[in-house]
Amino acid sequence: MTAAYILIQMNAKDPRKVMATIRTIAGVKQAHLLVGPTDCIAYVETDTLELLGDTVVALRSVGGVVSTDTRITVPVL
């Protein structure tokens, strides 16, 4: 399993609509609006790194999403 936190910047008039779309994307387990320089954080789990890339591409294609910053988690041994 591959997991990541994805920081999302938006320029939407209604971020609730953007959030509703983000939450329907395959792999997105949670998504929360934030107050501060980052507008949203999404927690994503996928079976492979390639599928994680597909999820990031899907997030970037959502209307109102300006940019993403992906932070892949590393299991502590």
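Summary table
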| item | result |
| --- | --- |
| Near pairs, Cβ below 6 angstrom, 6+ apart or cross-chain, from segment 60-77 (surrounded by 10 or more Cβ atoms within 10 Å (Cβ to Cβ) and at pLDDT 95 or above) to any residue that is acidic (Asp, Glu) and in a strand (DSSP E or B) | none |
| Close pairs from segment 14-25: first farther than 16 Å from residue 55 by Cβ, partner surrounded by 12 or more Cβ atoms within 10 Å (Cβ to Cβ) and not hydrophobic (A, V, I, L, M, F, W, C), Cβ under 8 Å, at least 6 apart | 15/39; 15/64; 17/64 |
| Residue list for segment 33-53, restricted to those being surrounded by 11 or more Cβ atoms within 10 Å (Cβ to Cβ) and free of Cβ contacts under 8 Å to residues at least 24 places away in the same chain | 33, 34, 53 |
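The values are calculated or read from the model by the stated rules, or taken from the named source; none is laboratory data. Everything quoted here is computed from the prediction, not taken from an experiment. Every residue, glycine among them, receives a Cβ derived from its backbone with ideal geometry; neighbour counts consider all protein chains shown.
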